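Colleague: Here you go, one structure.
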Amino acid sequence: MALIALAADKGSPGVTTTAVAISAVWPRRALLAEADPAGGDLVYRGVAAHGGPLDPNTGMLSVAATARRGLAAEQLWDHAQPMSGGLEVLVGLGTSEQSAGLTGLWPTLGHAFAGLAQSAHGPADVIADCGRVGADSVVVDMFPQASLVLLVARSEPENLARVRDRAGALSAKLHGAHRGAAQLGTPLIGVLLIADSGTGAKLAGQVNDMLVAAQCGARVVGVIAHDPAGAAQLNGRRRGRLDKSLLIRSARKVVGDLHQNYGAAWAQPGGPGAYR
């Protein structure tokens, strides 16, 4: 069906937590890929299905070695590990220095991630945690293969200004002449806000108006609840009913809205289509 890439412009808005939450409630089989060139976090805070730690050498690092000889989508499963709870993950690089091993391979990875949905040997959607992106971010070379690029942003004014500007820069890079047009380009660029549940809906409307006025080629697609307790539960650092947390409930709504609006189009060979 899709490659969904999550990224942020600056700071620590919670991209990894959001990616894990979305992957956990995704209605189809999902593979979470820690594709942040700066390195991943799950190997340090995640627990493998067998109860022990995740293997840092099986994931993006081992995928890089395979990809230099060509990478078929179904080969991704050879490098995935199941986490406690069943979510399958490609753990990220240990350090930013290891990203040199992926030089020139990001388009290959993008093709493999997007192609996994059509694999006859284990189809799945890929949710890619791409970390922070800037003008020179190599991971952006993967974005043309995505169905949706989600920019995660907190609600402070400076963060909203940055995500507006980053959305405009990405739209210009990915869409070219499409920027500012009524029919938004492909891949779709969405903004996912991290905000208090009580103010999220109003804020989403205001930020969406700002994006439309700026003609930056992006729209708000949902709000993830700012829920430190839920995030701690998701990371295994706190006990409780995770499925009842504001974090997971908001992630379910975001995922449900995404599939309602774009799921049918993603299922077609023609691509993700336009925003409704």
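Colleague: If a/c stays under 1.5 just call it rounded; otherwise compare a/b with b/c (prolate if a/b is bigger, oblate if not). Do that for the stretch 82-181, with a ≥ b ≥ c from the square roots of the Cα gyration tensor eigenvalues.
Modeller: Verdict is prolate for the stretch 82-181.
Colleague: Considering only DSSP beta bridges where both residues belong to the chain, give the percentage that are antiparallel (nearest 5).
Modeller: Numbers: 3 of 34 bridges.
Of those bridges, close to 10 percent are antiparallel.
Colleague: Still on this model: At a Cα cut-off below 19 Å, give the lysines reachable from Lys202, other chains included and same-chain residues fewer than 8 away excluded.
Modeller: Lys202 reaches Lys253.
Colleague: Would you please classify the overall shape of the stretch 3-266 from the alpha carbon gyration tensor, given that a ≥ b ≥ c denote the square roots of the eigenvalues, rounded means a/c under 1.5, and beyond that prolate means a/b larger than b/c while oblate covers the rest?
Modeller: Oblate.
Colleague: Please state the charge dipole magnitude for the stretch 3-266, taken about the Cα centre, from unit charges on C-beta atoms (+1 on K and R, -1 on D and E), reported in debye and rounded to the nearest 20.
Modeller: Details: 23 positive and 21 negative charges, 117 e Å.
Using only the charged Cβ atoms, the result is roughly 560 debye.
Colleague: Please report the spacing between the Cα centers of the stretch 153-175 and the stretch 228-254 in Å, no decimals.
Modeller: Their Cα centres are 27 Å away from one another.
Colleague: Compute the length gained on full extension between Lys244 and Asp78: take 0.36 nm times their separation in residues and subtract their Cα-Cα distance, giving the result in nm to one decimal.
Modeller: Answer, rounded to one decimal: 56.4 nm.
Colleague: What fraction of the Cα pairs in the stretch 107-240, stated in percent, has a spacing above 25 angstrom? Could you put the intermediate results ahead of the total?
Modeller: On the way: 3153 of 8911 pairs.
I get 35 percent for the Cα pairs in the stretch 107-240 exceeding 25 Å.
Colleague: Quick one: if you stick a label point 7 Å off each Cα along the C-beta vector at His50 and Ser62, how many nm between them?
Modeller: About 1.1 nm, to one decimal.
Colleague: Same structure again: Return the FRET efficiency for the residue pair Glu156, Asn208: r is the Cβ-Cβ distance, R0 is 25 Å, and the value is rounded to the nearest 0.05.
Modeller: Using R0 = 25 Å, I get an efficiency of 0.90.
Colleague: Same structure, new question: If a/c stays under 1.5 just call it rounded; otherwise compare a/b with b/c (prolate if a/b is bigger, oblate if not). Do that for the stretch 1-66, with a ≥ b ≥ c from the square roots of the Cα gyration tensor eigenvalues.
Modeller: rounded
Colleague: I'd like the per residue volume of the convex hull spanned by the Cα atoms of the stretch 16-131, given in cubic angstrom. Please report the intermediate quantities before stating the final value.
Modeller: Details: hull volume 10.3 nm³, N = 116.
Spread over its residues, the Cα hull of the stretch 16-131 gives 89 Å³ apiece.
Laboratory data are not the source of any read-out in this text; all were calculated from the coordinates shown. Keep in mind the model is a prediction, meaning the values are calculated, not measured. Glycine also receives a Cβ, built like all others from the backbone with ideal geometry; neighbour counts cover every protein chain displayed.
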